[in-house]
1. Going 7 Å from the Cα of residue 36 toward and past its Cβ, which residues in segment 11-27 have a backbone nitrogen under 13 Å from where you end up?
2. With r defined as the distance between the Cβ atoms of residue 91 and residue 292 and R0 fixed at 30 Å, what FRET efficiency is calculated, to the nearest 0.05?
3. What dipole magnitude, in Debye to the nearest 20, does the chain give about its Cα centre under +1 on Lys/Arg Cβ and -1 on Asp/Glu Cβ?
4. Does a label point 7 Å from the Cα of residue 315, set along Cα-to-beta-carbon, have any residues of segment 1-33 with amide nitrogen under 16 Å, and which are they?
5. Based on the alpha-carbon set only, what is the convex hull volume of segment 2-312 divided per residue, in Å³?
6. Could you check the spin-label model distance between residue 282 and residue 24? Points 7 Å from the Cα along Cα→Cβ, value in nm.
7. Want the number for residue 109 to residue 48: 0.36 nm per residue separation, take away the alpha-carbon distance, what's left?
8. Using amide H atoms built in the peptide plane, which far-off residues or other-chain residues are under 5 Å from residue 289 H to H?
Amino acid sequence: MFTLAHLSDSHTTPVRIPNFRALLSKRLLGWLKWVLERRHIHRPEVLAALTADLKLTRPDHIAITGDLTNLGLTEEFAAAGAWLRQLGDSRLISLVPGNHDAYVPEPWEAAWQHWQEYLESDAAHGALVPPQASFRELARTYFPSLRIRGGVALVGISTARPVGLFRAGGAVGGTQLRRLKKILHALAETDLCRVVLIHHPPNHDDWTLRRGLGDGHALCEVLQKTGAELILHGHWHTTNRETLHGLHGPIPIVGVRSASDCTGRPQRSAQYHLYRIEQQPSASGRPQFRITWVVRQYDRARHQFVEGEERVLGEE
Ligand SMILES: [Fe+2]
């Protein structure tokens, strides 16, 4: 059995504006929202409690689906990088970025370089990245990422790219889609459990770039034709459970809440998920997997994470 933890949207990095020039962009509105709202909702002490809980639950691997930062400032990338290294080394943790991690255009060396070892595939290719590479170039260079841990193949997609004011959408892009198709087809010939990591939910009704994926339909088509065993996403800060019908059967899609929401609101209070993945005997074709989904939720009164619902995906 393989245990995979999934967390997302921590948004706890400190926002310190280096100078007023830094606010001459989309960051001005983002900074106001952070001052008035976000810094009171997303609390580092909740993320610390989650980190402590992971030491108790001891998953085999941790998947993080982006939005570690607020305004994508260099200091935020460095702070999130320090948190990642404190959580564990890159053999234990796989990361894909979210829209806040590509808030405005920033070069590689000021941004994702701080997270390099957590983003890259097993066969590292970071040395190929030029220091001034844009987020789009990085998406083409690094993603889809592929990491194999135990009997699980973790396939990471980047949907993060700078978008305009009042928008939080993203896109996969043609290059990634073509590579994704090849990777998932190749993995279908193995007995690995294919888990796809993505920040934005791949299938929902908001197809506009305001919040959703601009090319979500094309992504869903690829996933349906190739199949996968599990898709994990963040972005909405709520628990979300949907299904995509794929080549080898239903593909569960599960969204997780923010890892740091301190408010105690019923649909929003911080959670992370644990998946217990077991391969089942199968007479022919692709192996079958039994995936148990366990919610770990933040208890404000006790300031710790406690076990919540447990269910088997596909048997709910
Ligand atoms: Fe997001």
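Every number in this text was worked out from the coordinates using simple rules, so none of it is lab data. Since this is a predicted model, take the numbers as computed values, not measurements. Here Cβ is always computed from backbone atoms with ideal geometry, including for glycine, and neighbour counts include all displayed protein chains.
1. Label zone hits: none.
2. On the way: r = 24 Å, r/R0 = 0.79.
About 0.80, to the nearest 0.05.
3. Numbers: 37 positive and 32 negative charges, 115 e Å.
For this selection, approximately 560 debye.
4. In segment 1-33, the label zone of residue 315 (backbone N under 16 Å from the point 7 Å along Cα→Cβ) covers 1-2.
5. On the way: hull volume 37.1 nm³, N = 311.
Once divided by residue count, the hull of segment 2-312 is 119 Å³.
6. A separation of 5.7 nm, rounded to one decimal place.
7. Working: separation 61, 0.36 × 61 = 21.96 nm, distance 2.72 nm.
Roughly 19.2 nm would be gained on extension.
8. 280
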